[in-house]
Amino acid sequence: MEHGSFTDNSAATFSLTDEDHTIANAVRFTLNQDPRVTFCGYSIPHPSEARVNIRVQTTGDLAREVLKDACQNLMLMCRHVRCTFDKAVEDFKASNAVKAMKIDSQDSSGDDSEESE
């Protein structure tokens, strides 16, 4: 939901339901990277309420469009992090490091009775 002025579309407050600090801080960070943003901040009205208010003020561009661009940039960042992580996991599994650890999925009983005697 968007709260703002009908005369000044460069400033608005957006209310996101079922969200918390995790998404709000990431969106705030991404918005602050945009040179069109003069102010950005978020608040959580009450700890027991799953809602976040994000305030955006721009240099004149539509606040709604700037927020949309920031969300798209955040999705691209998340995609990049995911691809980088997946590649690192794949490279690690393909390396000899896993074999050198001598991890055996068959021996997961955790029975150390021989060592304790």
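On the given criteria, is residue 44 surrounded by fewer than 17 Cβ atoms within 10 Å (Cβ to Cβ) and closer than 16 Å to residue 74 by Cα? In short, no. Cβ-Cβ below 7 Å, separation at least six or inter-chain, first residue in the range 17-37 and without any contact (Cβ under 8 Å) to a residue 40 or more places away in the chain, second exposed (fewer than 13 other Cβ atoms within 10 Å of the Cβ) and among the polar types (S, T, N, Q): which pairs? Listed by first residue and then by second, the contacts come to 36/59.
Within the range 85-113, the set of residues being modelled with pLDDT under 70 and surrounded by 10 or more Cβ atoms within 10 Å (Cβ to Cβ) comprises 97, 98. All conditions but one from (1) at positive phi; (2) crowded, with 18+ Cβ neighbours inside 10 Å apply to residue 60; the one that does not is (2).
Which one is nearest to residue 15 (Cα to Cα), of the residues in the range 65-88 that are of a type in the set (A, V, I, L, M, F, W, C) and free of Cβ contacts under 8 Å to residues at least 24 places away in the same chain?
75
Among the residues of the range 21-60, those that are among the basic types (Lys, Arg) and in contact with a Ser or Thr (Cβ under 9 Å, 6 or more places away or on another chain) comprise 36, 51, 55.
The values are calculated or read from the model by the stated rules, or taken from the named source; none is laboratory data. This one's a predicted model, so the numbers in the text were calculated from it and none came from an experiment. So basically every Cβ, Gly included, is an ideal-geometry build from the backbone, and we count neighbours across all protein chains shown.
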